[in-house]
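Scroll down for the structure; my scribbles are underneath it.
The values are calculated or read from the model by the stated rules, or taken from the named source; none is laboratory data. Predicted model only: the values in this text are computed from it and were never measured. Please note: Cβ atoms are built from the backbone with ideal geometry, for glycine as well, and neighbour counts cover all protein chains shown. Just the protein is used for accessible areas: all its heavy atoms, side chains included, with ligands, DNA and RNA removed. Shrake-Rupley method; radii C 1.70, N 1.55, O 1.52, S 1.80 Å.
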Amino acid sequence: MLAMNYRGPFRVRIQQKAMPEIQHPQDAIVRVTRSCICGSDLHLYHGLVPDTRVGTTFGHEFIGVVEEIGTEVQNLKVGDSVLVPFNIACGKCVFCQQGLYGNCHESNPQATAVGGIFGYSHTAGGFDGGQAQYVRVPFADVGPMVIPEDLDHDDAVLLTDVVPTGYQAAEMGAIKPGDTVVVFGAGPIGIMAAKSAWLFGAGRVIVIDHIEYRLEFVKQYAQCEAYNFRSLEDVVLFIKKTTGYIGADVCIDAVGCEAAGNAMQTITGRKLLLQAGSATALHWAINSVKKGGVVSIVGVYGPTDNLVPIGNVVNKGITIRANQASVKRLLPRLIEHVREGRLNPKGIITHRVPLEEVADAYHIFSAKLDNCIKTVLIP
């Protein structure tokens, strides 16, 4: 089969790989019909995630058709069109039983901090992802969901990660009616977080980024304010001033380890790799939120240490909430939002690229070319 193949930082190509096989009675083999390039895939592409091995196939956002099932799979049948959450979850451990499917204790033999994730390095289990013609799906009775007939498949593929992660970012903010919410990052996750903030009753939504076309997009898509931090003398001071010197009620870090805006963070986190990425957005979030406010983190950071102003967290009485999105828990509500027209996931898709051109697709997305917001790969 054809699959994306990682060859080292900034080097991916399309190659022939062996077909995946059933390895466990609870596995399924899915023929991929759509997959996406996620902003967090760029962290892998840029060489910032430890133990990203040459030969790995990325891709944790995909949908497809069930081609084969293991002997213990009961909820799926061959021919079903399925939406596959990016989390790999057993459904039975103490964390899955709490709905924390992103924290499954059984799906990742490589680490205890995170559950299994498709195509996201050996720190997340070493599973091949869905930027391929076929993919093996473990615990097939737990994660995959048969796509409802009335759900557009372009919407469905974005319900595997982007929409749930943005929605959970807003949910973790414990937004109250009338709250001011600041989202750092106008990529797909930040866009969805801004849009979702309104669903929780926000009275004002502000997005901070430095890519003009993304700022224009989020203003139109999420009906929010958007500001280029390069045009601001001081991001934190700006947010303080615009909130009556109180601070935002909720700040969301939807950027993670490749945040721009601070030379020291960039050098130590992205160039010298002395910390797990640049924590600039997280600093801004902690320093911009009001006393007693909430900082919600969905941006990806590495498994090592970051320089974070924890003293400010303590002195301001900030609540920090962070996690991988529990896609399975959120899907019923999100599908309802899509059906009712409150969310339009496919509206962020700007590029459709054949799987064979995956190298070009990564370059376009990484270099922010051609006003790229979200790319769908078509095998």
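Which pairs have Cβ atoms under 8 Å, sit 6 or more apart or on different chains, and link a residue in the range 81-94 that is within 20 Å of Cys36 (Cα to Cα) and open to solvent by 10 Å² or more (accessible area, probe 1.4 Å) to one that is of a type in the set (S, T, N, Q) and in a strand (DSSP E or B)?
Every condition considered, the pairs that remain are Ser81/Thr33.
So which helices (runs of 4 or more DSSP H) stay within the range 131-207 end to end and still have 1 or more residues that are under 18 Å from Gly256 (Cβ atoms)? Show your work before the answer.
Numbers: elements: 153-158, 162-172, 188-199.
In the range 131-207, the matching helices (runs of 4 or more DSSP H) lie at 162-172, 188-199.
Looking at the range 95-107, which of the residues that are polar (S, T, N, Q) and open to solvent by 10 Å² or more (accessible area, probe 1.4 Å) is nearest to Pro164 (Cα to Cα)? Break it down into steps so the answer makes sense when it comes.
Of all residues in the range 95-107, those polar (S, T, N, Q) come to 97-98, 103, 107.
Those still in the list that are open to solvent by 10 Å² or more (accessible area, probe 1.4 Å) too: 97-98, 103.
Values: Gln97: 19, Gln98: 17, Asn103: 15 Å.
Looking at residues that are polar (S, T, N, Q) and open to solvent by 10 Å² or more (accessible area, probe 1.4 Å), I get Asn103.
If the requirement is being touching a His at 6+ places or on another chain (Cβ under 7 Å), open to solvent by 20 Å² or more (accessible area, probe 1.4 Å) and closer than 19 Å to Gly187 by Cβ, which of these qualifies: Arg230, Arg214? Steps first, answer last, please.
Values: Arg214 fails: touching a His at 6+ places or on another chain (Cβ under 7 Å).
Exactly one residue qualifies, and that residue is Arg230.
Give all pairs with beta carbons closer than 9 Å in which a residue from the range 49-77 that is touching a residue at least 40 places away in the same chain (Cβ under 8 Å) and on the phi > 0 side of the Ramachandran plot meets a residue that is of a type in the set (S, T, N, Q) and part of a loop (DSSP other than H, G, I, E, B); count only pairs at least 6 apart in sequence or on separate chains.
Once the first residue is touching a residue at least 40 places away in the same chain (Cβ under 8 Å) and on the phi > 0 side of the Ramachandran plot and sits in the range 49-77, its partners that are of a type in the set (S, T, N, Q) and part of a loop (DSSP other than H, G, I, E, B) give Asp51/Gln110; Asp51/Ser121; Gly59/Gln131.
May I ask you to list pairs of residues, at least six apart or on different chains, whose Cβ atoms are under 8 Å apart, with the first in the range 109-138 being modelled with pLDDT under 90 and the second being among the β-branched types (Val, Ile, Thr)?
Close Cβ pairs satisfying both conditions: Gln110/Thr123; Ala111/Thr123; Val114/Thr123.
Within the range 355-374, take every residue that is among the aliphatic types (A, V, I, L, M) and part of a loop (DSSP other than H, G, I, E, B) and give me the one that is surrounded by the most Cβ atoms within 10 Å (Cβ to Cβ).
Ile373
Kindly provide the set of residues from the range 173-203 that are free of Cβ contacts under 8 Å to residues at least 40 places away in the same chain and either more than 19 Å from Ile297 (Cα to Cα) or among the acidic types (Asp, Glu) (or both), ordered by number.
Result: Pro177, Gly178, Gly201, Gly203.
Suppose we keep only residues that are of a type in the set (A, V, I, L, M, F, W, C) and closer than 15 Å to Leu76 by Cβ within the range 1-31. Which one would you say is nearest to the chain's Cα centre (by Cα)? Can you show your working first?
Taking the range 1-31 first, the residues of a type in the set (A, V, I, L, M, F, W, C) are 1-4, 10, 12, 14, 18-19, 22, 28-30.
Retained after the next criterion (residues that are closer than 15 Å to Leu76 by Cβ): 22, 28-30.
Numbers: Ile22: 27, Ala28: 24, Ile29: 24, Val30: 21 Å.
Per the stated criteria, the residue is Val30.
Taking the range 237-257 as the search range and keeping residues that are farther than 11 Å from Val182 by Cα and among the aliphatic types (A, V, I, L, M), which one is most open to solvent (accessible area, probe 1.4 Å)?
The residue in question is Ile246.
Taking Ala156 as meeting all but one of (1) open to solvent by less than 10 Å² (accessible area, probe 1.4 Å); (2) closer than 24 Å to Asn87 by Cα; (3) touching a helix residue (DSSP H, G or I) at 6+ places or on another chain (Cβ under 7 Å), write down the number of the exception.
All conditions are met except number (3).
I need a count of the residues in the range 258-291 that are over 21 Å from Leu232 (Cβ atoms), open to solvent by 50 Å² or more (accessible area, probe 1.4 Å) and more than 20 Å from the chain's Cα centre (by Cα).
Final tally of qualifying residues: 6.
Please state which of the following conditions Gly302 fails to meet, knowing it meets all the rest: (1) at pLDDT below 95; (2) open to solvent by 30 Å² or more (accessible area, probe 1.4 Å).
(2)
I'd like to verify a number: residues in the range 229-252 that are in contact (Cβ under 8 Å) with a residue 12 or more places away in the chain and assigned to a helix (DSSP H, G or I), how many?
Counting residues in the range 229-252 that are in contact (Cβ under 8 Å) with a residue 12 or more places away in the chain and assigned to a helix (DSSP H, G or I) gives 7.
Sort out which residues of the range 105-122 are touching a Phe, Trp or Tyr at 6+ places or on another chain (Cβ under 6 Å), on the phi < 0 side of the Ramachandran plot and in a loop (DSSP other than H, G, I, E, B), and write them in order of number.
Matches in the range 105-122: His105 only.
So, in the range 35-71, of the ones that are assigned to a strand (DSSP E or B) and crowded, with 21+ Cβ neighbours inside 10 Å, which residue ends up farthest from the chain's Cα centre (by Cα)?
Let us first name the residues in the range 35-71 that are assigned to a strand (DSSP E or B), namely 35-37, 62-69.
Filter once more, so that each one left must be crowded, with 21+ Cβ neighbours inside 10 Å: 35-37, 62-64, 66, 69.
On the way: Ser35: 14, Cys36: 11, Ile37: 10, Phe62: 13, Ile63: 16, Gly64: 19, Val66: 24, Ile69: 28 Å.
Across the range 35-71, the extreme among qualifying residues is Ile69.
Condition first: loosely packed, with under 13 Cβ neighbours inside 10 Å and over 22 Å from Gly102 (Cα atoms). Now tell me which residues in the range 314-349 satisfy that.
Val314, Asn315, Gly317, Glu340, Gly341
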